[in-house]
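Written out below as structure tokens is the structure these notes cover.
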Amino acid sequence: MIIDNFMTAKQVIEAGKAILGIEFGSTRIKAVLIDENNKPIAQGAHEWENQLVDGLWTYSTEAVWYGLQDCYAELRKDVMKQYDCEIESLAAIGFSAMMHGYMAFNEKQEILVPFRTWRNTNTGKAAAELSKLFNYNIPLRWSISHLYEAILDNEEHVSDIKYLTTLAGYVHWQVTGQFVLGVGDASGMIPVDPATKTYDAEMVRKFDQILAAKGLPFGLKDILPRSLNAGENAGFLTPEGAKKLDVSGHLKAGIPVCPPEGDAGTGMVATNAVKQRTGNVSAGTSSFSMIVLEKPLSKPYEPIDIVTTPDGSLVAMVHCNNCTSDINAWVGLFKEYQQLLGVTVDMNELYGRLFNKALEGDADCGGLISFNYVSGEPVTGLTDGRPLFVRSANDKLNLANFMRAHLYGAIAVLKFGNDILLKEEHVKVDRITGHGGYFKTAGVGQRMLAAALNSPISVMETAGEGGAWGIALLAGYLVNNPKKLSLADYLEEVVFAGNTGVSVAPTAADVEGFNRYIENYKACLGVEKAAVECKK
């Protein structure tokens, strides 16, 4: 049922018809409340950061729950401020989070080792052996790589594993009691068969042989969540789950919850890119592109991961561990300089002015290069990172070139993988949509990405809503789809109603300039590698 035009947001909330999406991003947990017309009506957020513990990037489970509760409390405050009412019930809820990683639990549902996030690159041996065993590219960050690496390293906890899931799967499990996962997120644990929309049976069989040879007391399917398609029943908020989410006690149990998804899946939904021959680029702390394929690739490629949409279609994913973090650090430096001069700092204005200044730079950045490697970058073969700004004495150093070099550097690695798809595999794409913080300043990141991919890039007005809105849309798809439309048709006809956003086409000069930048970038990768090898 769609809300009547006269029904206000306050009435929607009080009637329990609002829909909630919550996504655990790398630096922020965000909640978005939408009405039945899919329009955001309130939001909340909680800032958090990963920690490097014993050489591995992690977030504690305490931080997960505190962050979730604080995020929801901020949403409640926003609702109270705007509408002077309380959230008592909801039509549906969805949880999403950064994909992949490793969360292993024992029979008592106690976590066995700290959550190992997508950012860790300690799984090289495992990923290489599994890629050979499966004849399929298995990335470092996938759950199966983490599990096999723990087995290879003879970690004691492995024999006690009863449950293995992702962050989104963990939160959903704890608030619904259902150990399930959306198929898109499941495809980042071990490859999914698009015909069955669950874990590839032959790969599971091969891995179970490894488990048996090691004398481990479980098979892979014993410990993995059940894979669900978008729109399938994934359980209901339990009384305990309601308390975990809303510590004030106002939220009632019994609310339907959609299958939990990864941030890649919610990005596809938020940009209307689940149909074949569409794609999207998410650019924030990390970056990734998703191109929905018409057919499988001709062979495996190390820089390209094959995952699925939330409804099970094959997707070629190019994932880069780093994107805007180094830009943010430099903008922070400019903020300090302004404060030193006694100038009041508006961060939105500062970002906007610096991003727009980049448009005045030379198409090849005057020879300047930025390596934004805060952490390792598997696509370029680096297991650790050192952010570097590189120039020679004759390069043209000015603010415009400096900013442009960092904007180029943020998406340089993304170009590596997409060149394989577009130039070698000749993948056809009708529309690529950008979203995330990189595109927040209108027209700037969009123009840079168009030059990198030599393809028109669209950005929608809703691009800033991000994955929390995307998972809210998936929750809406669960309860507000009386015609039983496919997910692609639901997004096209109901949510976006034909809106494809504003498109920017690449210019020949920008494309040529980006190509020169990339040649310089490749030539200087040895500098970055030397910096990584030189431990400080």
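Given q = 0.13, 0.27 Å⁻¹, what are the Debye log10 I(q)/I(0) values for segment 117-191, with equal point scatterers placed on the Cα positions and solvent ignored?
Per q value, in the given order, log10 I(q)/I(0) is -0.41, -1.26.
Take ASN394 and ARG277, extend 7 Å from each Cα along the Cα→Cβ direction, and tell me the distance between the two endpoints in nm.
4.7 nm
Is there a quick way to get the dipole size of the chain? I mean about its Cα centre, with the Cβ of Lys and Arg at +1 and of Asp and Glu at -1; what is the value in debye to the nearest 20? If you can, show how the numbers build up before the last one.
Numbers: 48 positive and 62 negative charges, 114 e Å.
Here the size comes out at about 540 debye.
What does the charge dipole of segment 145-244 about its Cα centre add up to, to the nearest 20 debye, if the Cβ of each Lys and Arg holds +1 and the Cβ of each Asp and Glu holds -1? Let's see the in-between values first.
Numbers: 9 positive and 13 negative charges, 66 e Å.
Dipole about the Cα centre, nearest 20: 320 debye.
Among the listed pairs LYS77/LYS440; LYS77/LYS483; LYS440/LYS535; LYS221/LYS252, which have their C-alpha atoms separated by more than 27 angstrom in this model?
Details: LYS77/LYS440 25 Å; LYS77/LYS483 35 Å; LYS440/LYS535 35 Å; LYS221/LYS252 33 Å.
Over 27 Å apart, Cα to Cα: LYS77/LYS483; LYS440/LYS535; LYS221/LYS252.
Could you tell me the relative contact order of the chain? Use alpha-carbon pairs under 8 Å, at least six residues apart, and round to a whole percent.
Numbers: 1158 pairs, mean separation 82.0, N = 536.
Taking the mean separation of contacting Cα pairs over the length of the chain, I get 15 percent.
Expressed as a whole number of Å, what is the distance separating the alpha-carbon centroids of segment 80-137 and segment 161-227?
Between the Cα centres of segment 161-227 and segment 80-137 lies a distance of 12 Å.
Please work out the FRET efficiency for the pair GLN51 and ASP222, using the Cβ-Cβ distance as r and a Förster radius of 25 Å; give the result to the nearest 0.05.
On the way: r = 31 Å, r/R0 = 1.23.
Calculated value: 0.20.
Considering only DSSP beta bridges whose two residues both sit in the chain, what percent are antiparallel, to the nearest 5? Intermediate values should be presented prior to the final figure.
Working: 46 of 64 bridges.
Roughly 70 percent of the beta bridges in the chain run antiparallel, per DSSP.
Could you work out how much longer the chain between LYS535 and GLU294 gets when fully extended? Use 0.36 nm per residue separation minus the Cα distance between them, nm to one decimal. It would help to have the intermediate numbers written out before the result.
Values: separation 241, 0.36 × 241 = 86.76 nm, distance 4.48 nm.
Result for the pair: 82.3 nm of gain on full extension.
Mind putting a number on the dipole of segment 1-121 about its Cα centre? Charges go on the C-beta only, +1 for Lys and Arg and -1 for Asp and Glu, and I need it in Debye to the nearest 20.
Details: 11 positive and 17 negative charges, 54 e Å.
For segment 1-121, the charge dipole is close to 260 debye.
Identify the residues of segment 159-181 with backbone N under 11 Å of a label point that sits 7 angstrom from the Cα of TYR66 along the Cα-to-Cβ direction, or state none.
none
Convert each backbone phi in segment 443-451 into a coupling constant with the Karplus relation 6.51 cos²θ - 1.76 cosθ + 1.60 (shift: θ = phi - 60°), then list the ³J(HN,Hα) values in order as whole Hz, x for Gly and Pro.
3J(HN,Hα) across segment 443-451, in whole Hz: x, 8, x, 4, 5, 5, 5, 4, 5.
Read phi for every residue in segment 473-484 and hand back ³J(HN,Hα) as whole Hz from Karplus 6.51 cos²θ - 1.76 cosθ + 1.60, θ = phi - 60°, with x for Gly and Pro.
Computed from phi, the couplings for segment 473-484 are 5, 5, 5, x, 4, 5, 10, 10, 10, x, 7, 6 Hz.
In whole Å, what three semi-axes, largest first, describe the equivalent ellipsoid of the chain built from its Cα gyration tensor (square root of 5 times each eigenvalue)? Show your work: numbers first, answer last.
Values: eigenvalues 232, 176, 104 Å².
Semi-axes from the Cα gyration tensor: 34, 30, 23 Å.
When the helix-only estimate is applied to the chain (DSSP H runs of n ≥ 4, each -39,500 (n - 2.57), divided by the residue count), what is the mean residue ellipticity at 222 nm, nearest 500 deg cm²/dmol?
Details: 18 runs with 198 residues, N = 536.
Computed ellipticity for the chain at 222 nm equals -11000 deg cm²/dmol.
In a shell of Cβ-Cβ distance under 10 Å around LEU368, excluding LEU368 itself, what net charge do Lys and Arg (+1) and Asp and Glu (-1) give?
On the way: positive: ARG391, LYS396, ARG404; negative: ASP362, ASP364, ASP395.
Around LEU368, the charge tally is 0.
Multiply the residue separation of ASN154 and SER486 by 0.36 nm, subtract the distance between their alpha-carbon atoms, and state the gained length in nm to one decimal.
On the way: separation 332, 0.36 × 332 = 119.52 nm, distance 4.48 nm.
Stretched out fully, the ASN154 to SER486 stretch lengthens by 115.0 nm.
Expressed in nm to one decimal, what extension gain is obtained for the pair PHE334 and GLU202 from 0.36 nm per residue of sequence separation less their Cα-Cα distance?
Working: separation 132, 0.36 × 132 = 47.52 nm, distance 5.37 nm.
Answer, rounded to one decimal: 42.2 nm.
As I understand it, the dipole of the chain uses +1 on the Cβ of Lys and Arg and -1 on the Cβ of Asp and Glu, about the Cα centre. Which of VAL504, VAL315, VAL274 lies farthest toward its positive end?
The one lying farthest along the dipole's positive direction is VAL504.
Could you tell me which residue out of HIS100, PHE24, VAL479 lies farthest along the dipole of the chain toward its positive end? Charges go on the beta carbon: Lys and Arg +1, Asp and Glu -1, centred on the Cα centre.
So the residue furthest toward the plus end is HIS100.
In whole angstrom, note down how far apart the Cα centers of segment 269-308 and segment 359-432 are.
About 19 Å separates the Cα centre of segment 269-308 from the one of segment 359-432.
Where the accessible area of segment 69-136 is counted over protein heavy atoms with a 1.4 Å probe, how much of it, in %, is carbon and sulfur?
Working: 1270 of 2730 Å².
Ligands and nucleic acids excluded, carbon and sulfur reach 47 percent.
Just to confirm my numbers, what's the Cα centroid distance between segment 27-63 and segment 458-507 in Å?
Centre-to-centre distance over Cα atoms comes out at 21 Å.
Between ASP384 and ASP430, with labels modelled 7 Å along Cα→Cβ, what's the label distance in nm to one decimal, could you check?
According to this spin-label approximation, the distance is 4.8 nm.
What is the sum of charges, Lys and Arg at +1 and Asp and Glu at -1, for the other residues whose Cβ falls under 10 Å from the Cβ of ALA488?
Working: positive: LYS275; negative: ASP311, ASP489, GLU492, GLU493.
Charge balance in the 10 Å sphere: -3.
Using label points projected 7 Å from each Cα along Cα→Cβ, tell me how many nm separate GLN11 and VAL343, to one decimal.
Going by the 7 Å Cα→Cβ label model, 4.9 nm.
Local charge sum around ALA442 (other residues, Cβ-Cβ under 14 Å, Lys/Arg +1, Asp/Glu -1)? The partial results should precede the final answer.
Details: positive: ARG353, LYS440, ARG447; negative: GLU349, GLU461.
With Lys, Arg at +1 and Asp, Glu at -1, the neighbours total +1.
Can you find, among PRO40, LEU90, THR61, the residue farthest towards the positive end of the dipole of segment 1-125? Put +1 on the C-beta of Lys and Arg, -1 on that of Asp and Glu.
Going by the charge dipole, the pick is THR61.
If packing is taken as the average count of other Cβ atoms within 10 Å, what order do 326-339, 186-199, 218-231 fall into, highest mean first?
Values: 326-339: 14.5, 186-199: 22.3, 218-231: 19.5.
In descending order of packing, they fall as 186-199, 218-231, 326-339.
From the phi of every residue in segment 313-318, what ³J(HN,Hα) in whole Hz does the Karplus formula 6.51 cos²θ - 1.76 cosθ + 1.60 yield, where θ is phi - 60° and glycine or proline is x?
3J(HN,Hα) across segment 313-318, in whole Hz: 7, 5, 9, 8, 10, 10.
The values are calculated or read from the model by the stated rules, or taken from the named source; none is laboratory data. A quick note: this is a predicted structure, and the numbers were derived from the prediction, not measured. Cβ: placed from backbone, ideal geometry, glycine included. Neighbour counts: every protein chain shown. Side chains are part of the model used for accessible areas, which takes the heavy atoms of the whole protein and leaves out ligands, DNA and RNA. Shrake-Rupley method; radii C 1.70, N 1.55, O 1.52, S 1.80 Å.
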